[in-house]
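Participant: If you scroll down you'll find the structure; I have some questions about it.
The values are calculated or read from the model by the stated rules, or taken from the named source; none is laboratory data. As the structure is a computational prediction, the values presented were derived from the model and not from experiment. Because the Cβ atoms are built from the backbone with ideal geometry, glycine has one as well, and the counts that use them run over all protein chains shown. Keep in mind that these areas ignore ligands, DNA and RNA; they rest on the heavy atoms of the full protein, side chains included. Shrake-Rupley method; radii C 1.70, N 1.55, O 1.52, S 1.80 Å.
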Amino acid sequence: MPLPLTKVLITTAAAVKARLLLAHGAGAGADSSFMQQLAQQLALNNVEVWRFNFAYMQRFIDTGKRSLPEKMPLLMQQFSLHADNCPTDLPLFIGGKSMGGRVASMLGQTSMLDQNSSVKAIFAFGYPFHAPKKLSWRTEHFTTLACPLFIAQGERDAFGTKAELAAMQWPKVDIHWLADGDHDYKPRVKSGLTQQQLIAAAAQFCSRNIDEILLAAK
C-alpha cells in the first residue's frame, strides 16, 4: 500500500529558475529554524524550495511522541514519492540537511536513476559522513552516483571535518567548506562569522552549481 504524502512547505522565489525538494535532518523537522533560513536564502537566489517531513517526524509533530527515523529503504521510498509528486514545470534538484541529504544521495545512485531520472543533481547541507566520534563511513554509494552530489560542509562538523576529508575524493562529489562551521553551520564567536552568513554561503554555493548545470543543459 502506498505511503501517504506528508504536507509540503513551499518557499517561492521572485524569478524562479529551479525547484529544490529538501528533506530535514534526523532530529528536527522541515519547519526548523535552520530549514526555514536555508529555504529563505535559496529563494533569494531564485530557487523555489519544497520542504517535507518524513513520516516519523510528522507523527511526532502530530502526536508529540518522538520516535527514531525509519530505515533507509523506507526513507528513500518516502523521498521518491515526493519527487514523483513534483510538477515538471521547473528543473528538479533534490537534497537535504544531514540525514535528509544522505537519503537524497542514496536516490542518486545509478540503480535508482530510472525512478528519479528527472533529478539534475543532489545537494547535501552538512553531510553525515559518519556518526560523531565513530569512523563507520556512510560513503559506500558515492562511487555509484549517476548525477552530481554537492555538499556544503562546516569545517568543524563532527560528522565529517575538513581535516578528516582532506585526502578523500569521489568523481561526482564536490565539497564546499564553510569556514569554522559545525554541523548546523554555527561558527565560533571568535571567527567573526555568523550562522546566518554560513547558511547564506551554502545557498549561494547551491545556486551557482544549479546555474552551471542549467547552462550546460542548454
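Participant: Express the C-alpha Rg of region 89-162 as a ratio against the empirical globular expectation 2.2 N^0.38 Å, rounded to two decimals. Before the final figure, lay out the partial values.
Facilitator: On the way: Rg = 12.6 Å, N = 74, 2.2 N^0.38 = 11.3 Å.
So the Cα radius of gyration is 1.11 times the expected 2.2 N^0.38 Å.
Participant: How much area per residue is accessible in the chain when the probe is 1.4 Å and only protein heavy atoms are counted (Å²)?
Facilitator: Heavy-atom SASA per residue in the chain reads 48 Å².
Participant: Once every DSSP H run of n ≥ 4 in the chain is given -39500 (n - 2.57) and the sum is divided by its residues, what mean residue ellipticity at 222 nm do you get, rounded to the nearest 500 deg cm²/dmol? All intermediate terms of the calculation are to be shown ahead of the outcome.
Facilitator: On the way: 6 runs with 71 residues, N = 218.
Mean residue ellipticity, 222 nm, calculated: -10000 deg cm²/dmol.
Participant: Give the whole-number value, in cubic angstrom per residue, of the convex hull volume spanned by the C-alpha atoms of the chain. Before the final figure, lay out each step's value.
Facilitator: Working: hull volume 28.6 nm³, N = 218.
In the chain, the Cα hull volume divided by residue count equals 131 Å³.
Participant: Still on this structure, I have one more. Run through the DSSP bridge list for the chain and note the antiparallel percent, rounded to the nearest 5. Display every interim value, and only then the final one.
Facilitator: On the way: 5 of 31 bridges.
Once the DSSP bridges in the chain are tallied, antiparallel ones form about 15 percent.
Participant: Please find, in a Gaussian network model of the chain (springs between Cα atoms separated by less than 10 Å), the residue of ALA13, ALA39, ALA131 whose mean-square fluctuation is greatest.
Facilitator: ALA131
Participant: Could you work out the relative contact order of the chain, using alpha carbon pairs under 8 angstrom and six or more residues apart, expressed as a whole percent?
Facilitator: Details: 419 pairs, mean separation 38.5, N = 218.
Here the relative contact order equals 18 percent.
Participant: Multiplying the sequence separation of ALA179 and THR194 by 0.36 nm and subtracting their Cα-Cα distance, what value in nm do you get? Don't skip to the answer; put the middle values down first.
Facilitator: Numbers: separation 15, 0.36 × 15 = 5.40 nm, distance 1.01 nm.
That works out to 4.4 nm of additional length.
Participant: Tell me the net charge near GLU155. Cut-off is 10 Å between Cβ atoms, GLU155 excluded, with +1 for each Lys or Arg and -1 for each Asp or Glu. Don't skip to the end; give the middle numbers.
Facilitator: Values: positive: ARG156, LYS162; negative: ASP157, ASP180, ASP182.
Net charge in that neighbourhood comes out at -1.
Participant: Okay, next question. Tell me which residues come under 5 Å, amide H to amide H, from LEU21 once H is placed; ignore anything under 5 positions away on its chain.
Facilitator: Amide H neighbours of LEU21, under 5 Å, 5+ apart: TRP50, PHE93, ILE94, GLY95.
Participant: How would region 44-106 be classified by its alpha-carbon gyration tensor: rounded, prolate or oblate, with rounded meaning a/c under 1.5 and the a/b versus b/c comparison settling the rest? Please list the in-between numbers first.
Facilitator: Values: a/c = 2.00, a/b = 1.68, b/c = 1.19.
The shape class here is prolate.
Participant: Oh, and also: Among GLN169, GLN195, GLN37, determine the one that fluctuates most according to a GNM of the chain built with springs between C-alpha atoms less than 10 Å apart.
Facilitator: Answer for the Gaussian network model of the chain: GLN169.
Participant: Moving on. Over the chain, with a Gaussian network built from C-alpha contacts below 10 Å, which listed residue (TYR185, TYR56, TYR127) shows the highest mean-square fluctuation?
Facilitator: Ranking TYR185, TYR56, TYR127 by mean-square fluctuation puts TYR56 first.
Participant: Which entries in LYS17/LYS162; LYS65/LYS172; LYS97/LYS162; LYS7/LYS162 show an alpha-carbon gap greater than 28 Å?
Facilitator: Working: LYS17/LYS162 31 Å; LYS65/LYS172 39 Å; LYS97/LYS162 18 Å; LYS7/LYS162 36 Å.
Beyond 28 Å: LYS17/LYS162; LYS65/LYS172; LYS7/LYS162.
Participant: Additional query: What is the distance, in nm, between label points placed 7 Å from the Cα along the Cα-to-Cβ direction at THR143 and at LEU74?
Facilitator: 3.1 nm
Participant: If you don't mind, another one. How much solvent-accessible surface does THR88 expose, in Å² to the nearest 10, with a 1.4 Å probe and all protein chains in place?
Facilitator: 130 Å²
Participant: Going by the alpha-carbon gyration tensor, a ≥ b ≥ c the square roots of its eigenvalues, is region 1-127 rounded (a/c under 1.5) or, if a/c is not under 1.5, prolate (a/b greater than b/c) versus oblate?
Facilitator: Details: a/c = 1.63, a/b = 1.16, b/c = 1.41.
Here region 1-127 falls in the oblate category.
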